[in-house]
Each structure stands twice: as C-alpha cells, then as structure tokens.
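What follows is a single structure, written as structure tokens, with notes after it.
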Amino acid sequence: MAILLIRQDGKTSQWLNAFKSQASQIECFDYNEPHPKETITMALVWKQPHGLFEQYKNLKCVASMGAGVDFIFEDPSFHQELLMTRVVDPLLITDMEEFVTAQVYAYMKGLYQYHSQQSLSLWQQNPYLRKKDITIGIMGMGVLGSATAKALSVQGFNVLGWSNSKKQIEGITTYEKVDLNLFLEKTNVLVCLLPLTPDTNGILNESLFSKLPRGAYLIHVARGPHLVGEDLIQSIDKGQMCGAAIDVFPTEPLDTKSPFWGHSKIHITPHCASISSPESVVAQIVVNYNRLTSHQPLLNQVDTLKGY
Ligand code: GLV
C-alpha cells in the first residue's frame with residue numbers, strides 16, 4: 001500500500017520531505033517517477049492532470065492537498081466508488097481569516113489608492129471608512145467562511161453569512177439559500193468563500209451585483225469560475241461596484257492580457273490567500289491513510305453527491 005502525489009505543477013518535493021520526516025514507514029511516490037501502480041491506494045492531489053485515476057486499480061481514496069476539491073470532480077477518471085477527502089487545517093483557516101481581514105482594512109482605509117498615488121508622487125488625503133460604515137457579507141459558511149466571519153465579528157465588524165442551509169453562529173446574522181436577496185441588500189463588502197459546484201458556478205454576476213447596495217466591494221477568495229469577469233468590470237465601470245480584490249481566476253496564472261491587470265479598481269493577488277503547508281497537512285493525511293488501511297471512516301470526507 002502506498003500514496004501517490006500528483007500535481008500538474010510538479011511541486012511535490014516539499015510534500016515528499018514532509019512524509020519522510022513524519023511517516024518514513026509510508027511509501028510515497030511522485031507520479032512522474034517510476035512507481036508500482038498496483039501498490040497505490042491513496043492519491044494526494046492538487047490540480048492533477050486528468051485521466052490518471054483509472055490507471056490505479058487498487059486506488060481507494062483521492063485526497064486534496066487543499067480545502068477545495070472542485071478540480072477532483074472535474075476529472076472524468078474520478079468515479080463514485082472512490083472516497084474523497086479535503087483538508088481542514090488550522091493554518092489554512094487562520095491564513096484565510098488574516099487575508100480577508102487584511103483586504104477589508106485595505107479597502108476601508110483606501111490603501112490601494114495610496115499605493116497608486118505614490119507612483120504619481122501625489123500627496124493627497126482621501127476620505128476613509130470606519131467599521132460602523134460597512135456590513136460584511138460572507139457567501140459560503142463552511143469551515144473557512146464561518147471562521148472568517150467569527151474572526152471579523154470578534155474585531156467589531158457587522159458580519160452576515162449566507163449558505164445553502166442556515167447556520168447558527170454567535171454574533172453573525174445568517175441567511176439560508178432562499179434568502180439570498182435579503183442578504184445581498186444589506187451587504188456592502190461581499191466576501192466569496194463558496195465551494196465551486198454546478199450551482200455556484202458563475203454566481204458572482206451582473207444580476208447578483210445589482211442586488212447589492214450601490215458602490216459595494218467584492219473580496220473573492222474562493223474559485224475563479226464563481227465570477228463572471230466581464231460582469232464585474234461592467235458593474236465597476238457603471239459605479240454599481242466600487243472595486244474588487246480577487247485572488248482566484250478560472251485560468252491560473254492569470255493571462256497577461258486579462259483586462260483585470262490594468263484595471264485601477266481591481267486588485268489582484270496570485271491565489272495566495274491561504275496556501276496549504278505540507279508540514280501541517282501531511283499529519284492529517286497520515287492519520288487518514290492509517291484509517292483507510294484499517295478500514296475506519298475517514299476524516300474530512302467530502303460528500304461526493306453534494307459536491308463539497
Ligand atoms: C486553496 O485554494 C485550497 O483549496 O486550499
């Protein structure tokens with residue numbers, strides 16, 4: 001029995017080292033190196049090339065290296081008999097809380113605008129917002145969304161949460177699926193932390209933006225295909241949205257020709273809101289691998305019918 005590491009970008013050495021130092025008894029292979037296919041029972045993947053899973057007849061579980069699993073569902077060689085797990089990791093959670101909080105403050109205090117003024121040697125004080133001036137609405141109240149909502153609420157922000165099924169979280173006003181419009185009309189900083197599913201693909205579009213109060217701001221840290229890019233640009237150019245911080249794109253790296261790069265009100269980061277730390281994540285993969293080997297239920301298993 002062994003684990004196979006598959007990443008399209010080939011960055012597996014840190015992961016292999018983490019296995020070596022934390023669980024040297026477990027056999028691990030990089031899929032680019034020769035390996036005995038029949039020994040593989042678990043695949044640990046991040047944006048894997050499609051079509052590989054069917055080559056492994058004894059494969060039982062596909063584990064994501066991160067919180068998201070959309071790229072596993074997109075692979076036609078993933079089938080319903082395989083188990084799927086995702087990462088729920090304290091570092092991934094605090095990194096996301098900190099990143100979203102940083103983007104909220106950068107927006108409130110106009111820090112991106114001062115950055116552009118610096119390039120013009122322009123000394124100019126601009127109006128800024130205080131906590132009482134904004135309501136942050138978080139779409140997606142899973143592990144990352146709920147933790148981020150709590151972290152912002154503890155700091156004194158007014159926070160709303162929207163999710164498929166209603167969640168009870170102290171200090172947060174929550175809305176369920178059918179109440180999307182009620183949630184949107186009260187939100188002026190919209191944070192997207194939804195899982196990517198057929199239901200949420202393209203959800204950040206012109207119609208949704210038009211339901212937010214005029215001049216709302218978007219912080220998008222979920223998955224590229226949630227957002228219809230042209231709709232965002234049009235909504236910003238019409239003044240319905242005042243700008244956006246975007247960390248995720250349908251194709252990454254973002255094409256150098258994308259109109260997002262040159263837009264003064266769109267602030268781009270390279271999918272860095274919360275990056276899995278191999279040292280931290282490998283510990284839970286080892287636990288799950290041992291559970292798999294001893295036929296116990298896995299931790300952080302994804303409901304492959306629900307899609308998250
Ligand atoms: C990052 O995008 C993750 O899914 O962990």
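A few points about this structure:
- Listing Cys242, Cys28, Cys272 from fewest to most neighbouring C-beta atoms within 10 Å gives Cys272, Cys242, Cys28.
- The residue among Phe209, Gln234, Trp123 whose Cα reaches farthest toward the positive pole of the charge dipole of region 90-268, with charges on the beta-carbon of Lys, Arg, Asp and Glu, is Trp123.
- FRET efficiency estimate (nearest 0.05) - Cβ-Cβ, Phe260 to Asp30, R0 35 angstrom: 0.55
- Evaluated with a Cβ-only charge set (Lys, Arg +1; Asp, Glu -1), region 90-268 carries a dipole of roughly 500 debye about its Cα centre, given to the nearest 20.
- Nearest-20 debye value, the chain charge dipole, Cβ charges on Lys, Arg, Asp, Glu: 720
- Expected-Rg normalisation [2.2 N^0.38 Å, Cα atoms] applied to the chain: 1.08
- Simple spin-label estimate for Gln22 and Gln117 gives 4.5 nm between the two label positions (7 Å along the Cα-to-Cβ direction from each Cα).
- Note on Ile268 and Asp9: their simple-model spin labels are 1.6 nm apart, each label 7 Å out from Cα toward Cβ.
- Farthest toward positive dipole pole in the chain [+1 Lys/Arg, -1 Asp/Glu at C-beta], among Gln8, Thr269, Ile138: Ile138
- Rounded to whole Å, the principal axis extents of the Cα atoms in region 90-268 read 48, 34, 33, largest first.
- Rg over Rh for region 196-308 works out to 1.12, using Cα positions for both radii and the Kirkwood form for Rh.
- Using 0.36 nm per residue and subtracting the Cα-Cα separation, the extra length available between Asn58 and Thr101 on full extension is 11.1 nm.
- Pairs spanning more than 27 Å between alpha-carbon atoms, out of Lys11/Lys37; Lys211/Lys265; Lys166/Lys238; Lys47/Lys186; Lys167/Lys211: Lys166/Lys238; Lys47/Lys186.
- Working note: 222 nm ellipticity from helices only, DSSP H runs with n ≥ 4, each -39,500 (n - 2.57), summed and divided by the residues of the chain, gives -8500 deg cm²/dmol to the nearest 500.
- Neighbourhood charge, 13 Å Cβ-Cβ cut-off, centred on Val143 and excluding it, Lys, Arg +1 and Asp, Glu -1: 0
- Rounded FRET efficiency, nearest 0.05, which uses the C-beta distance separating Leu182 from Gln80 and R0 of 30 Å: 0.25
Every number here is computed from the coordinates shown, using simple stated rules; none is lab data. Everything quoted here is computed from the prediction, not taken from an experiment. Please note: Cβ atoms are built from the backbone with ideal geometry, for glycine as well, and neighbour counts cover all protein chains shown.
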